[in-house]
1. Between region 91-146 and region 203-230, what is the separation of their alpha carbon centroids in Å?
2. Starting from the eigenvalues of the Cα gyration tensor, five times each then square-rooted, give me the equivalent ellipsoid semi-axes of region 127-284, largest first, whole Å.
3. Give me the orientation-averaged projected area of the Cα convex hull of region 57-189, in nm², one decimal.
4. DSSP beta bridges in region 299-450, what fraction antiparallel, as a percent rounded to 5?
5. Name the most mobile residue of Asn341, Asn186, Asn218, meaning the one with the largest mean-square fluctuation, in a Gaussian network model of the chain with Cα contacts below 10 Å.
6. Taking Cα centroids, how far is region 418-446 from region 9-82 in Å?
7. In region 2-271, what % of DSSP beta bridges are antiparallel (nearest 5)?
8. Between His233, His334, His193, find the one with the highest GNM mean-square fluctuation for the chain; connect C-alpha pairs within less than 10 Å.
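The values are calculated or read from the model by the stated rules, or taken from the named source; none is laboratory data. Predicted model, so just to flag it, every value in this text is computed and none were measured. Every residue, glycine as well, gets a Cβ built from its backbone with ideal geometry; the counts of neighbours run over all protein chains shown. What goes into the accessible areas is simple: the full protein's heavy atoms, side chains included, and nothing from ligands, DNA or RNA. Shrake-Rupley method; radii C 1.70, N 1.55, O 1.52, S 1.80 Å.
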Amino acid sequence: MSIVTVQLGQCGNQIGHEVFSALCSDIRGTHGLCSKKENESYCESCKERFFCEEESGVPVARAVLVDMEPKVISQTLSMAASSGHWKYDSHSHFCQKQGSGNNWANGYSVHGPRHKEAIMNLVQKEAEKCDRLGGFFTIMSMAGGTGSGLGAFVTQCLRDAFPTSFTLNHVIWPYGTGEVIVQNYNSVLTLSHLYQSSDALLVHENDVIHKICAQLMNIKQISFRDVNQVIAHQLGSVFQPTHTAGEGSGYSRNPLGDLMEALVPHPEFKLLGLRNIPQMPENSLPYSTFSWPGLIKHLRQMLIANAKMEEGIDWQVRPPQPGSSIPSTTKPLHFNTSIANLVVLRGKDVHSVDLGSFQDPSLYTSWLNPQDAFSAWKTPRAFNKYEKSASLVSNSQFLLKPLDSIVGKAWNMFASKAYLHQYTKFGIQEEDFLDCFTTLEQVISSYTNL
């Protein structure tokens, strides 16, 4: 089954480009470390998922590019084409001249309705090129105007036009210190609207990725491109083909469906976080060896201590003792309770890895059976030059703090009516804001009570 990617705004288009580049360099690499047959079916499966073939033999990304200003899209199209390994379809992009000026309401209430038909026509065309459509993967930022406002609008249109297809929104959480004065408003509006129309939100926090670039990748002057490449690597580590059942089952046909089934058991809980280990500069790889038990131990502790990367994990955090019927308010400090977890293993000897530690009932909320709450996908084919790598996609309390903080900051601005006129002039009223706050307060409370 194929996935159509919708890249929205500057951030979405730049990340989308890095994602397709990472997928492409992975399937072109000769570092598969697996049998020739395995490697061939892996590459076939990846191509069916993300690319369509052209007569020229150059894979064409199954993507629609949308932005309200032309600069980033034209850069993105030419960078892809000049790589010679893949390209975008020259007709499946839509841009305007003026941008949304970081105003969510402008993207959502003005640009969205005005350009709905043109954008949805492009999406429809891409969808029709798929033999079987598995769903949509949108990439957008929460802080700006086009990605967030137009992105929320387009997500609703996808839900209306393709009611039976899955939609996964990949959302970039803004830097805490802020790029845009109204980013907290934009974020609250985006998240609450996506919560109504998306199947799941996969979140990357800029601050976290920035730290990974500085501390693990040893990059001195970090550019957006460095950040985007780390994000693309993490996304590729989940969305490249895997065996979702046993070894002989062939590659998963429906990646988005499998992901939702594994991780979203209830519509109130849709926030997914992603961790990937190991991560290091490419030139250190030849000098590093990893064992599966070590990787799994780190990954599990990253989950329960809510660590964002393998450095600086708090090893003191332990799951609550089974049988101790303490109310959830007095839970061990900083312990991150999960609803569901998915571990993706790639590389040699994956089928002998013991994942029992992730099936410990104390990691999960009491209303789910741990057997249902944990899934593992594996493939013996290595990913992107890493001999062994493990990723964790987790539906857990990991975003509670950042979410609480963004809602709190937005509420303080809202209480003093700061900048509201910027939104009301495009038709987003105070009641709309209040509805959004209510939606997110409910999400915060649900995750808090796990």
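1. Result: 27 Å between the Cα centres.
2. 27, 24, 13
3. Computed as one quarter of the Cα hull surface, the answer is 8.7 nm².
4. 60 percent
5. Result: Asn218 has the largest fluctuation of those listed.
6. 37 Å
7. 5 percent
8. His334
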